[in-house]
Protein chains: 2
Amino acid sequence: MEYLKNKIKADGKLIGNSVLKVDSFLNHQLEPLFIQEIGREIARRYQKDEITKILTIEASGIAVALIVGLELGVPVIFAKKKKPLTMDEGYYSADVYSFTKEEHTNIAVSKAYLSSTDKVLIVDDFLAMGAASKGLVEIVRQADASLAGIGIVVEKAFQGGGEELRTNGIRVESLAKIQAFQNGEIIFD
Amino acid sequence: MEYLKNKIKADGKLIGNSVLKVDSFLNHQLEPLFIQEIGREIARRYQKDEITKILTIEASGIAVALIVGLELGVPVIFAKKKKPLTMDEGYYSADVYSFTKEEHTNIAVSKAYLSSTDKVLIVDDFLAMGAASKGLVEIVRQADASLAGIGIVVEKAFQGGGEELRTNGIRVESLAKIQAFQNGEIIFD
């Protein structure tokens, strides 16, 4: 997706050897038309897969997932990073380690919204080591739902998470796949 | 907004005397068409106010704020609840106490995305005691930006946050205003 690659080149910032900061349009400030464009592209790729639910994780995944849900006409669930007091009934949960925040988080999804009759598309903004995606896959497994695949905005392929998921037979669609950061340049796949 | 009131009556759940759970369409699972409808209504109310930025807080405010941003054609910033390692430059911050999660959170917005030339519309899903809204108002103040007002999906008027903000001269538009919970019934304004 050239549009996204150009955006990352123009507005993304490299920090050290592995962190790509896209705070100006995806992670902290959102450019709504850009989000709409990438959400529509993810939806297009899973258009024929009879998706019944979009599953993402708070917070950065929500905006893109909402657009995918609008396009495919299905509800969007966002896994919570902390079980709130109002989540009183049963829930699925998984452990996720965030490398950028350096902490473990227990993510939770209420059993009321995901069941064995669902066909799920996981959506997230980033895929690096794959910690968040693996946590969401685990939640789909606990619900005994079927997994259509994963839709990612930016995959940092050199961190291996995407390859591991694909090796396990999971379909992963990434709109931009970064092979390496070299001398301050972003090398796309 | 009758549409929203009916939705809350049909799908909202009361927990005890002060908690309204709207997890099935707004807080955990999102119904995209519903979110689009309420986002458009908030945008309509501030259409003539020359808004330049939408400001919300992760996570539940993001979906509605994105639609408001799409409608008004301006960027959406979501305040982060934890300063990530990638937020290296200066930032505005404020303390927010969550009554449903029973914890203090320091919210942060990068200085790069909000400045004195901005006219800001704050958007959030709930307004109860007003803790999150007050934190976001404080961030607008720190940026020396002007505040057009606040757009809220559900205001629990009996908890006083909205009244306090209005008394301080802030325009607060709430799509549904709840006066009380009485014998398991929701009494709207």
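The values are calculated or read from the model by the stated rules, or taken from the named source; none is laboratory data. All values derive from a computational prediction rather than experimental measurement. Methodologically, a virtual Cβ is constructed for each residue, glycine included, from the backbone with ideal geometry; neighbour enumeration extends over all protein chains shown. The accessibility values were calculated without ligands, DNA or RNA, using every heavy atom of the protein model including side chains. Shrake-Rupley method; radii C 1.70, N 1.55, O 1.52, S 1.80 Å.
Among the GluC sites (Glu not before Pro) found in region B:10-108, those both in a DSSP coil and sparsely packed, with 11 or fewer other Cβ atoms within 10 Å of their Cβ, are B:E50, B:E89, B:E102. Measure nothing fancy, just the Cα-based angle from helix B:32-45's long axis to the longest principal axis of chain B, in degrees from 0 to 90, nearest 10. Roughly 70 degrees between the two axes. Averaged over peptide A:25-38, the number of partner chain Cβ atoms lying within 10 Å of each residue's Cβ comes to 5. Loop sites here are trypsin sites (Lys or Arg not before Pro) outside DSSP states H, G, I, E and B with no more than 16 other Cβ atoms within 10 Å. The longest part of chain B free of them is B:102-170.
Using the 2.2 N^0.38 Å rule of thumb for compact globular proteins, work out how region A:61-161 stacks up: its C-alpha Rg over that value, please. Mind dumping the intermediate values first?
Details: Rg = 13.4 Å, N = 101, 2.2 N^0.38 = 12.7 Å.
Taking N as the residue count of region A:61-161, the ratio is 1.05.
Dipole of region B:16-113 computed with +1 at Lys/Arg Cβ and -1 at Asp/Glu Cβ about the Cα centre; of B:L33, B:A79, B:G61, farthest Cα towards the positive end is B:A79.
The phi-based Karplus calculation (6.51 cos²θ - 1.76 cosθ + 1.60; θ = phi - 60°) puts the 3J(HN,Hα) values of region A:9-14 at 4, 6, 10, x, 10, 7 Hz, whole numbers, x for Gly and Pro. P(r) tail for region A:1-142: Cα pairs beyond 25 Å make up 30% of the total.
On full extension of the chain, what length is gained from B:Q142 through B:N6, given 0.36 nm per residue of separation minus the C-alpha to C-alpha distance? Don't jump to the answer; show the numbers that get you there.
Working: separation 136, 0.36 × 136 = 48.96 nm, distance 3.84 nm.
This chain segment gains 45.1 nm when fully extended.
Computing FRET efficiency as 1/(1 + (r/R0)^6) for B:R171 and A:L33, where r is the C-beta to C-beta distance and R0 is 41 Å, gives about 0.95.
When chains B and A come together, the accessible area they lose, probed at 1.4 Å and totalled over both chains, is close to 3900 Å².
Position A:R171: other-copy label points at 4.7 nm, ordered by increasing distance, label point 7 Å along Cα→C-beta.
Taking the Cα centre of the protein assembly as shown as reference, the dipole from Cβ charges on Lys and Arg (+1) and Asp and Glu (-1) amounts to some 60 debye. In this assembly of identical copies, the label point of B:L33 (Cα plus 7 Å along Cα-to-Cβ) is separated from its counterparts by 2.7 nm, sorted shortest first. Measuring nothing but alpha carbons in the protein assembly as shown and taking Rh as the Kirkwood radius, the Rg to Rh ratio lands at 0.95.
Can you give me the Cα centroid spacing of region B:123-189 and region A:18-83 in angstrom? Result: 27 Å between the Cα centres.
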